Structure formats: C-alpha cells, structure tokens
Amino acid sequence: MNHAAKRTVARAATVPTWRGTAAVPGALGVLAALAAVLSGCADGPSAFGGEHRSSEKAIRVTPRDGARDVAPDDRVEVRVPDGRLKRVGVTRIEDAQEHRVPGRIARDGRSWTSSGDGRKGRLKLAATYRVDAVAADGDGHEVTRRTTFTTAVPEHRFTARVTPENRSTVGTGMIVSFAFSRPVVDRAAVERAIEVTAVPAVEVAGHWFGDGRLDLRPAGYWAPGTEVTVRTRLRDVEGAPGVYGSRDRTVVFRVGRSQTTLVDVAAHTMEVRRDGQLVATVPVTAGRPGAETYNGRMVVGAMDDVTRAKGGTVGCDGKRDGGAVPHALRLTGSGVLLHGDHWSGDEVFGSANVGHGCVGLRDVRGGGGDTPAGWFFDRTLVGDVIEVVNSRGRRVAPDDGLSGWNLGWKKWKAGSALR
C-alpha cells in the first residue's frame with residue numbers, strides 16, 4: 001500500500017493538472033520564472049547559454065573587429081562582463097608565419113591585456129593581428145570569439161644596407177657598417193636596435209659618421225675563428241619624425257685566418273704576415289709626387305678580378321688598356337685600390353712610385369695567377385687590413401671606406417649615441 005501511494009504521489013507531482021488559471025492564483029507567474037531560469041533566457045544578465053547567446057556581448061575585444069589603421073601604441077584588451085576568460089591568444093600574421101603576442105589574464109579572470117609586440121610594448125606597423133578568446137560561466141558554458149585588426153601603414157620608411165654579407169668569411173679587420181637610406185635623427189633609438197655579439201665574446205661599440213652611417217667594431221682586430229652575429233631590429237623604429245625602419249634582419253659571418261699587410265711607400269715594399277709571421281716581401285709601386293698614397297690602416301672592402309678605372313678613381317690610369325685593372329682590391333670609398341699593374345715597366349716595382357695614389361703590384365694584361373698581384377689576390381679576404389706607412393700623403397679619413405681602425409678606442413666609443 002505504501003509503495004503504491006508513493007508512486008501515485010510522484011505522478012501527481014510531476015504531471016500537475018488544473019482547470020483554468022483562476023483556480024491557482026499566481027501559478028503562471030511562478031512557472032514563467034521557473035522556465036526562464038531553466039532555459040537560460042537570453043534576456044537575463046548572462047550572455048552565456050541558450051540559443052541566443054552572443055559572443056560579441058560575452059567577450060569584448062579592443063581594437064574592434066575589422067579595425068584598420070590601429071596606432072602602434074594602442075593595447076590589445078579582451079574583457080568579459082561576467083564569467084571568466086579561459087584562454088586568449090593574440091597572433092601577428094606575417095609572411096605565412098605567426099608570431100604570438102605576449103599578455104596575461106587578470107587574477108579575477110575578467111580581462112586580458114597585451115604586453116606589446118616589440119620594443120616599449122608597441123604593436124608592429126603595417127601588420128595584421130588575430131585575436132582568439134574563450135570564456136566560460138560558472139556552469140561551464142563556453143563562448144568563443146575570433147576577431148582581426150590591422151595596424152597603420154607608415155608613409156615613410158628607411159632601410160639599412162649592412163656590410164659584410166651574410167654567411168661570409170672575412171679578415172680580422174672587418175668593420176660592421178650600416179648605410180641608411182634616409183638621414184637618422186634619433187641615433188640612439190637606431191643604435192639600440194642593432195646588436196653585435198661574438199663568440200668568443202668581445203666588447204663591440206658603434207661610431208656614427210654623420211646621420212647616414214653607423215660602423216661597429218671591437219677595440220682590436222677580431223680573433224681568428226670568431227663567429228659574429230649582427231641582429232637588426234629596425235622595423236618600426238622611428239629613426240626620424242614620421243620615418244620608420246622597414247625590416248628586421250640577422251647577419252652571421254665568420255672571421256678567418258689572421259693576415260695583415262704593411263706597405264712601406266719609401267722602401268717600395270709590401271710585407272705580408274700570417275698569424276704574425278712574415279710570409280712574403282713583395283716589391284710595389286705607390287703614388288707618385290702630387291698623387292701620394294694615403295697613410296694609415298685601410299680594410300679590403302671588395303675584390304674584383306678585373307675592374308674598370310673611371311674618371312676620378314684614385315690611383316688608376318684610365319687611359320691605359322681602356323681602364324681595365326686586374327686583381328683589384330678596393331681599400332677606400334674614394335677609390336684607392338691595391339691592384340695588378342701591367343702597364344708600368346718591371347723596373348719600377350721596388351724602386352719608384354709612379355701611380356696615381358693606389359698601390360700597384362706587377363701583373364700581366366687580364367691578370368695572371370703566377371704574378372705577384374695574382375698571388376696576393378688569391379690569398380686575400382674581404383676584411384683584411386692593409387696599412388700604409390712612410391708616404392708623403394695625408395692620413396686616410398676614418399670614414400673613407402672601412403678605415404675606422406685609424407681612430408683610437410676612446411675616440412671610437414665617443415662617436416656612439418649610447419655613450
């Protein structure tokens with residue numbers, strides 16, 4: 001009897017019946033409230049649950065979805081009016097690669113704020129960003145949202161050409177040199193964006209030559225076998241008002257064997273040393289009176305099997321052989337070469353200076369492999385140091401080619417914008 005009674009009561013409780021609303025005052029209001037709670041009505045305070053849930057209301061993203069020309073100083077923020085954020089990912093999409101933007105969810109779970117995408121927390125210019133967020137309420141109902149926005153494209157950009165080339169092997173005197181396409185006003189900002197590291201480690205400092213060039217080197221020549229990494233993070237660096245760097249780049253080069261060369265203009269000789277040991281003394285001819293060769297330390301900046309002498313090129317007689325100069329090693333930007341000479345008589349090498357400011361070694365037309373010029377060319381690297389002494393000419397300017405070794409370390413460091 002008791003069992004049957006319980007079943008009857010249960011049926012009565014789960015399937016209520018009535019005759020008209022007047023018989024049960026207030027019943028409709030109670031049931032309506034109950035239905036609203038059970039269904040997660042969209043008109044309630046929560047944006048979670050139900051067929052009418054709105055990810056835009058549940059997860060609010062700044063900058064707005066589809067925004068353009070977002071300023072680099074703007075921050076990315078994700079907020080929820082209720083519930084908690086579970087996951088937030090902000091990604092910069094560039095060249096089919098994705099770069100995650102750092103940030104963190106607040107302790108209360110209600111917000112996420114970026115800590116930037118580069119120096120000083122700035123967003124990258126001319127970039128597309130994607131925001132993915134997941135939030136949940138106390139009952140575990142989840143809402144996801146994805147938005148995108150793009151940052152402003154600067155009207156003016158500057159680029160930087162770096163020496164030496166990536167993956168090259170260079171001499172111990174190589175100087176890292178940056179040539180900028182536009183004048184740099186904020187030299188400190190640009191210099192901070194360039195990092196030169198070496199293994200084994202050595203201090204490297206920069207020196208500005210005007211507003212368009214920055215050179216970097218250690219106090220003394222690199223040790224043979226050193227691996228040097230040059231990291232440039234110039235993209236979006238404001239080098240001048242409204243002018244921003246265009247790209248980031250990494251260059252790695254290796255320092256080869258040690259070779260230094262001493263040209264004695266008065267003695268008409270060139271001494272070549274490897275690892276400090278004399279390996280050869282070669283007769284030369286240098287600049288004649290009125291066209292004297294520069295004194296000082298110069299660095300081989302380029303090598304050409306044959307080059308063409310041009311008007312204004314120091315040391316090469318363009319009237320001979322149509323200006324073809326074999327085994328040419330470029331020492332300065334002003335045109336000083338150490339080169340093969342096939343137009344002067346053999347008797348001048350080691351005894352007279354007849355050139356136009358360059359250093360000449362005996363050679364044959366087109367360049368010969370078994371001549372003094374060919375022998376030296378085959379044993380030279382870009383970055384090797386050629387030092388000229390006892391010339392009546394003036395000292396080479398430190399910004400003429402890679403001639404910065406003519407400045408002492410104290411003066412060199414004084415030319416840095418970070419001193």
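The values are calculated or read from the model by the stated rules, or taken from the named source; none is laboratory data. In this text the structure is predicted, and so the values were computed from the model without any measurement. Using ideal geometry, Cβ is built from the backbone for each residue, glycine included, and neighbour counts are taken over all protein chains shown. All accessible areas refer to the heavy atoms of the entire protein, side chains included, with ligands and DNA or RNA removed. Shrake-Rupley method; radii C 1.70, N 1.55, O 1.52, S 1.80 Å.
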Checklist entry - Accessible surface of MET303 in the full protein assembly, 1.4 angstrom probe, to the nearest 10 Å²? => result 60 Å²
Checklist entry - Can you tell me the accessible area per residue over region 90-186, all protein chains present, probe 1.4 angstrom, in square angstrom? => result 53 Å²
Next on the checklist: Accessible area per residue for region 191-303 in Å², computed with a 1.4 Å probe and the full protein assembly in place, what is it?
Outcome noted: 41 Å²
Item to check | Those residues of region 132-165 whose amide nitrogen sits under 20 Å from the label point placed on SER111, 7 Å along Cα→Cβ | outcome: 132-137, 145, 147
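Under a 1.4 angstrom probe, counting protein chains only, how are ILE93, ILE175 ranked by accessible area, largest first? The partial results should precede the final answer.
Numbers: ILE93 70, ILE175 0 Å².
Order by accessible area, largest first: ILE93, ILE175.
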Checklist entry - Which percent of the accessible heavy-atom area of region 257-313 goes to carbon and sulfur, probe 1.4 angstrom? => result 47 percent
Checklist entry - Reachable aspartates and glutamates from LYS124, Cα under 18 Å, same-chain residues fewer than 8 places away excluded? => result ASP65, ASP69, ASP73, ASP74, GLU77, GLU94, ASP95, GLU98, GLU155, ASP236, GLU238, ASP248
Item to check | Spin-label model distance (nm) - ALA267 vs SER168, 7 Å beyond Cα toward Cβ | outcome: 3.1 nm
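Using a 1.4 Å probe, what is the accessible area per residue for region 329-419, in Å²?
Values: 4010 Å² over 91 residues.
Here the per-residue accessible area is 44 Å².
Give the carbon-plus-sulfur fraction of the accessible surface of region 317-419 in %, rounded to a whole number; probe 1.4 Å, heavy atoms of protein chains only. Mind showing how you got there, number by number?
Working: 2100 of 4540 Å².
Reported share for carbon and sulfur atoms: 46 percent.
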Checklist entry - Under the definition of Cα pairs under 8 Å and six or more residues apart, what whole-number percent is the relative contact order of region 232-311? => result 15 percent
Next on the checklist: I'd like the accessible area for ASP370, computed on protein heavy atoms only with a 1.4 Å probe and all protein chains in place. Round to 10 Å², please.
Outcome noted: 140 Å²
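Ordering TYR294, TYR129 by how much accessible area each has at a 1.4 Å probe, largest first, what is the list? Mind showing how you got there, number by number?
Details: TYR294 30, TYR129 0 Å².
In descending accessible area the options line up as TYR294, TYR129.
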Next on the checklist: Under 16 Å between alpha carbons, and skipping anything fewer than 8 positions from LYS411 in its own chain: which aspartates and glutamates qualify?
Outcome noted: GLU203, ASP215, ASP399
